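To keep things clear, I will list the structure first and then write my remarks on it.
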There are 2 protein chains.
Amino acid sequence: MSSKALRLGAKSAQQSETSLDLRALQRTPGFMLRLAQLKFFEGFYEEFAALGLTPATYAIFVVIHDNPGVPPSSLASVLRLRLPNLIKILNELESSGFIKRNRSKSDRRAVELMLTPKGAKLIAEGARLTQPYNERMLAPLSEAEQRMLLDLLNRILPL
Amino acid sequence: MSSKALRLGAKSAQQSETSLDLRALQRTPGFMLRLAQLKFFEGFYEEFAALGLTPATYAIFVVIHDNPGVPPSSLASVLRLRLPNLIKILNELESSGFIKRNRSKSDRRAVELMLTPKGAKLIAEGARLTQPYNERMLAPLSEAEQRMLLDLLNRILPL
DNA sequence: TATTGTTATACTCTATAACTATA
DNA sequence: TATAGTTATAGAGTATAACAATA
């Protein structure tokens with residue numbers, strides 16, 4: 001268990017970020033999770049910019065790919081997006097030709113989401129970037145530690 | 001290492017969120033970090049609502065408390081906030097009487113941030129809520145696992 | 001009447017440009 | 001000229017309310 005104290009000098013009125021006492025924040029899981037999420041999102045935009053994917057659209061594509069016919073309401077629920085905000089993204093993805101909406105035959109209110117061939121191709125290209133991206137983000141950790149982090153996150157979440 | 005597959009039935013056009021295949025997302029650290037951060041922030045607002053603290057103001061108070069005289073630029077840097085956005089929050093905290101700004105004597109452009117007695121009292125009250133809050137958020141993990149999670153997060157971050 | 005999807009809209013958070021004052 | 005702080009403002013993300021179509 002490492003606990004490097006960043007700050008060694010005495011407190012003074014003139015602080016610079018290289019000599020700040022940040023130990024309290026480092027022991028604050030919520031703050032560290034926010035920093036980690038920022039790191040992953042920034043890294044994502046760097047890695048997937050060429051494909052035009054964002055963290056949100058990537059997750060949407062993955063869920064539709066693994067669950068063809070999933071309705072917008074379920075998608076919004078698992079991705080923790082509000083339905084009206086998801087609808088806006090789905091509208092863009094559909095008008096760009098990546099997904100299509102089918103009306104359910106059994107319940108004509110319901111919508112079934114599917115990837116188009118163009119959408120399937122995009123997510124296949126994205127999948128090839130996923131491993132090197134995660135590897136880069138988690139580089140300081142051993143493979144066992146990377147699995148441990150993922151396992152701990154899964155266990156604190158109600159998924 | 002648990003890896004409960006959530007989905008057991010066959011894929012069909014009619015999906016509900018209870019039977020979706022989310023295994024790909026569960027193996028995606030960036031997505032799980034986003035969910036974890038959402039959980040912690042929502043829990044924070046529940047726990048600290050009575051004090052009027054937000055995750056951002058809590059972190060600001062902590063850093064000023066541990067580093068009296070810290071300038072806004074350093075604070076923005078460590079909290080990953082843009083300076084103009086931090087300034088707006090500092091304006092509110094100052095006009096509410098929680099912090100005060102001193103002009104540095106050696107460099108009259110520089111500002112030194114301090115807690116007022118009212119601000120010190122607020123963060124002291126907040127500190128008492130911190131442990132039960134983190135305990136509730138991390139309840140599914142043993143104490144050793146909670147330390148492990150925090151350690152892993154610290155090691156992937158450049159703090 | 002209740003539910004699914006959708007639109008419109010407001011609010012918060014975040015990002016960029018430009019200005020003031022000091023150095 | 002460069003830097004610290006500040007203001008103004010635009011943009012992205014997220015929230016609620018209300019409506020249409022269907023059950």
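Which values of log₁₀ I(q)/I(0), to two decimal places, follow from the Debye formula for segment B:97-142 at q = 0.15, 0.28, 0.30 Å⁻¹ with a uniform point scatterer at every Cα? Here log10 of I(q) over I(0) equals -0.58, -0.91, -0.96.
Put the Cα centre of segment A:136-154 next to the Cα centre of segment B:17-52 and the gap is 18 Å. Label-point spacing for B:Ala49 across the identical copies (point 7 Å from Cα in the Cβ direction), in nm and ascending order: 4.1. Take the Cα of A:Glu135, step 7 Å toward its Cβ, do the same at B:Leu51, and the gap between the two points is 4.4 nm. Under the combined filter of DSSP loop state and at most 11 neighbouring Cβ atoms within 10 Å, segment A:67-159 retains these trypsin sites (Lys or Arg not before Pro): A:Arg82, A:Lys105, A:Arg108, A:Arg109.
Nonpolar atom fraction for the protein assembly as shown, defined as the carbon and sulfur part of the 1.4 Å probe accessible area, stands at 55 percent. Mean residue ellipticity, 222 nm, helices only, the protein assembly as shown: the sum of -39500 (n - 2.57) across DSSP H runs of n ≥ 4, divided by residue count and rounded to 500, is -18500 deg cm²/dmol.
Sequence-distant contacts, meaning Cα pairs under 8 Å at least 6 residues apart, place the relative contact order of chain A at 18 percent. What the pair-distance distribution of segment A:53-129 shows, using all Cα-Cα distances binned every 10 Å from zero, is 19, 57, 22, 2 percent.
Summed over both chains, the accessible area lost when A and B associate is about 6800 Å², using a 1.4 Å probe. Of all chain A residues, the one whose Cβ lies closest to the rotation axis that maps A onto B, given with that distance rounded to whole Å, is A:Gln37, 2.
Applying 1/(1 + (r/R0)^6) with R0 = 45 Å to the Cβ-Cβ distance of A:Asp151 and A:Arg108, what FRET efficiency is obtained, to the nearest 0.05? Computed FRET efficiency for A:Asp151 and A:Arg108: 0.60. Mean partner shielding of peptide B:82-91, defined as the number of other chain Cβ atoms within 10 Å of each residue Cβ, is 0. The alpha-carbon positions of the protein assembly as shown define a convex hull whose volume is 162 Å³ per residue. Calculated from the alpha-carbon coordinates, segment A:23-65 shows an Rg and a Dmax of 13.7, 43 Å respectively. Panel note: the C-alpha atoms of segment B:10-159, placed on their principal axes, show extents of 71, 32, 29 Å (largest first). Remark: label point of A:Arg136 defined 7 Å out from Cα along the Cα-Cβ vector; separations to the same position in other copies 3.9 nm, ascending.
The values are calculated or read from the model by the stated rules, or taken from the named source; none is laboratory data. Everything numeric in this text was worked out from a predicted model, so none of it was measured. We place every Cβ from the backbone using ideal geometry, glycine too, and count neighbours over all the protein chains shown. Protein only, heavy atoms only, side chains kept; ligands, DNA and RNA dropped before computing areas. Shrake-Rupley method; radii C 1.70, N 1.55, O 1.52, S 1.80 Å.
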